[in-house]
Amino acid sequence: MQYTTLGRTGMKVSVAGLGCGGFSRLGLSNGHSKTHAIGIIRSALDAGVNLIDTAAVYGTEEVVGAALRDVDRDSVVVCTKASKPPEDATFDADKIVSSLDESLRRLQLDHVDLFQVHAVPPSAYDHVRNTVVPALLREREKGKFRFLGITETSPNDIEQTMVGNAAQDDVWDTVMLAFHMMHQVARQQSFPHTIANRIGTLLMFVVRGIFARPAELKAAMAELAAAGKVPASLTDADDSLGFLVHPGGASSITDAAYRYVRHEPGVDVVLFGTGSVEHLRTNIASILKPALPEEDRRTLHTLFGHLRGVGLVAPPSR
Ligand SMILES: NC(=O)c1ccc[n+]([C@@H]2O[C@H](COP(=O)([O-])OP(=O)(O)OC[C@H]3O[C@@H](n4cnc5c(N)ncnc54)[C@H](OP(=O)(O)O)[C@@H]3O)[C@@H](O)[C@H]2O)c1
């Protein structure tokens, strides 16, 4: 494993972080057992992953707690999140604090290392900043969490307005944001600010459905070509990103996806979500490989650098 510093938190974190949400939820979404989910977490720890990201809404905090029961607490960076209940008009400070308490109970921990306000749209940012943050800072005084972060709702904020603002504010230690081969907006909108202000970054949506399922990529590419946003020639082959797979280049599209983001200036932790031990191993291997050849990176920039919001479909649990 390789380790880096998570921005101004100063925490030493693995460059590959285990995401316990997304489509797979450690395999729970696909009918796997809690024992299987615990096994995924243990395999990640065995591979040197020391950052585990979960959330109140994922339904995986209990398995994270169970997996960590006999693990040295200081050896792992535990991150969780609280979101706005869908039926509420806006984020409520008391509910966010209750959510934190419930998360600690489910995780069986007295504190988390990173507590994040989850999926904040641009329209709610000022409210969160002015009413939720002061309440959370009081909870931090009580020792319930060490660092404060915020995460975007990527499908609803394709220009990354919220992260762009938050990264210029002085209260957030980290941001969680989308960045991938066909959604590169963070390069202009977010990373210049996170780098300047030493805000730690956690990447999500690196593979998602679009680079995991060939049919999804094919459909997305056809739609983009029809709209004149990518060259029609990309839809000729069955595998439109096949040009990335070659000796000296990527070994697969998912390999390309991880290697593309991992070496981008401003990226600290690449989250990967999986319910498969085999995928866990190949994903970590990809994240640890060198950058894609410069020519392939340039081609991805030329072809897709202008795209916004491609492949950001939300799973039920965000
Ligand atoms: N707003 C937010 O705060 C927010 C939103 C979304 C996600 N997140 C965080 O980000 C983490 C990452 O989730 P993500 O949704 O961005 O998804 P992701 O990790 O980019 O992709 C996960 C999907 O790709 C598949 N996959 C993974 N590795 C693969 C491989 N080697 N080959 C083929 N398929 C592969 C997984 O299925 P398998 O199970 O079959 O591997 C799963 O369906 C989440 O767990 C969560 O912690 C946060």
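Post the alpha-carbon centroid distance, the range 94-129 to the range 1-47, in whole angstrom.
Using only Cα atoms, the two centres lie 19 Å from each other.
Taking amide hydrogens as modeled 1.01 Å from N in the peptide plane, which residues meet the under 5 Å criterion relative to Val112, leaving out close sequence neighbours?
Here the answer is Phe145, Arg146, since their amide H atoms fall under 5 Å of that of Val112.
Could you check what % of the DSSP bridge pairs in the chain are antiparallel, to the nearest 5?
Around 10 percent antiparallel, to the nearest 5.
Explain nothing, just compute: Karplus ³J(HN,Hα) = 6.51 cos²θ - 1.76 cosθ + 1.60, θ = phi - 60°, for every residue of the range 305-311 in order, whole Hz, x for Gly and Pro.
x, 8, 6, 9, x, 6, x
Along the charge dipole of the range 1-134, which of Val97, Gly17, Gln116 sits closest to the positive end, that is, farthest toward it, with unit charges on the beta carbon of Lys, Arg, Asp and Glu (+1, +1, -1, -1)?
So the residue we want is Gly17.
What 222 nm value per residue comes from the helices of the chain, counting each DSSP H run with n ≥ 4 as -39,500 (n - 2.57) and dividing by all residues, nearest 500 deg cm²/dmol?
On the way: 11 runs with 108 residues, N = 318.
Roughly -10000 deg cm²/dmol at 222 nm, from the helical runs in the chain.
Roughly how many Å² is the accessible area per residue of the chain, as a whole number, for a 1.4 Å probe?
On the way: 12940 Å² over 318 residues.
I get 41 Å² per residue for this part.
Carbon and sulfur: what percent of the chain's accessible surface (1.4 Å probe)?
Result for the chain: 51 percent of the exposed heavy-atom area is carbon or sulfur.
To the nearest 20 debye, what charge dipole does the chain have about its Cα centre, counting +1 at the Cβ of each Lys and Arg and -1 at the Cβ of each Asp and Glu?
280
Rounded to the nearest 5, what % of the DSSP beta bridges within the range 82-208 are antiparallel ones?
Restricted to the range 82-208, the bridges split so that about 5 percent are antiparallel.
Starting from the Kirkwood Rh over alpha-carbon pairs, what translational D in µm² s⁻¹ does the chain have by Stokes-Einstein at 25 °C and 0.890 mPa s? All intermediate terms of the calculation are to be shown ahead of the outcome.
Working: Rh = 19.8 Å.
Estimated via Stokes-Einstein, D reaches 124 µm²/s.
Name the residue farthest towards the positive end of the dipole of the chain from the options Met1, His301, Pro192, assuming +1 on Cβ of Lys and Arg, -1 on Cβ of Asp and Glu, about the Cα centre.
Met1
By its C-alpha gyration tensor, with a ≥ b ≥ c as the square roots of the eigenvalues, how is the range 187-318 shaped: rounded for a/c under 1.5, else prolate for a/b larger than b/c, else oblate?
Taking the square roots of the gyration eigenvalues as a ≥ b ≥ c, the range 187-318 is rounded.
When the Cα centres of the range 210-226 and the range 233-276 are compared, how far apart do they sit, in Å?
Between the Cα centres of the range 210-226 and the range 233-276 lies a distance of 14 Å.
The values are calculated or read from the model by the stated rules, or taken from the named source; none is laboratory data. As the structure is a prediction and not an experimental result, all values here were calculated from the model. Here Cβ is always computed from backbone atoms with ideal geometry, including for glycine, and neighbour counts include all displayed protein chains. SASA here: full protein model, heavy atoms, side chains in, ligands and nucleic acids out. Shrake-Rupley method; radii C 1.70, N 1.55, O 1.52, S 1.80 Å.
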